Amino acid sequence: MNMKSEIITAVKELCDVSKLKAGQIFVVGCSSSEIGGQKIGTNSDPELGRIIVDAILEVLRPRGIYLAAQCCEHLNRAIVIEREAVPDAEFVNVIPQPKAGGSFATAAYAAFADPVVVEEIRADAGLDIGGTLIGMHLKKVAVPVRLSIKKIGEAPITAARTRPKFIGGDRAIYDTSMK
């Protein structure tokens, strides 16, 4: 299986398991260095960033799901997203670059119709490609998801969906359709 197919498979599986709907947010953190077998942050690859963004958007756009692209630590893991996904958010003024934001976030910024950058988001599901630590951008109750794809290139992947909090204890009754 080639890298584009691996990405498409992983994103489709996570969307399906998470039961994502139009308007929801899918966060991705991605190290092109790790995909290429290098240490995170050492070998940013803009062309690889474009390939990854294109593959993810190929799955998400037809479903009406927004991609939130996590920047690298040089931009404090800020998020690049379409303005219409977060119309009331407070935006920050930065344009990601391969060595300050990362190749993936830079490619997302270029691919979006009206990109903005925010400091944080509360996404409904997420994919971490290469140990980029996306947990800070997921809703409060994150649930690990095991996918059939374990690596993209040389980078290990971790997936998560979110669910509403269970409150009320033993006497509470829960809506099992809200998984």
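Only the coordinates and a few stated rules stand behind these numbers; no lab work does. Because the structure is predicted, anything quoted here is derived from the model rather than measured. Note that we place each Cβ from the backbone using ideal geometry, even for glycine, and neighbour counts take in every protein chain shown.
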Rounded to 10°, Cα long-axis angle of helix 3-18 versus longest principal axis of the chain: 20
Restricting segment 77-121 to trypsin sites (Lys or Arg not before Pro) in coil, as DSSP defines it, with at most 16 other Cβ within 10 Å: 99
Packing-based exposure ordering (other Cβ within 10 Å, fewest first) of 132, 162, 42: 42, 162, 132
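How much space per residue, in cubic angstrom, does the convex hull of the C-alpha atoms of segment 3-171 take up?
Hull volume normalised by residue count: 115 Å³.
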Set of aspartates and glutamates near residue 12 by C-alpha distance (under 16 Å), chain-local residues within fewer than 8 positions excluded: 54, 58, 124, 128
Acute angle (nearest 10 degrees) that the helix 46-63 long axis makes with the longest principal axis of the chain, alpha-carbon atoms: 30
Antiparallel DSSP beta bridges within the chain, as percent of all bridges there, nearest 5: 65
For segment 70-119, Kirkwood radius (reciprocal of mean inverse C-alpha pair distance, Å): 10.4
The chain, helix-only ellipticity at 222 nm - DSSP H runs n ≥ 4, -39,500 (n - 2.57), divided by all residues, nearest 500: -8000 deg cm²/dmol
Over 29 Å (Cα to Cα) - which of 4/165; 21/151; 39/165 fall in this group: 4/165; 39/165
Size of electric dipole in the chain: Cβ of Lys, Arg +1 and of Asp, Glu -1, about Cα centre, debye, nearest 20: 620
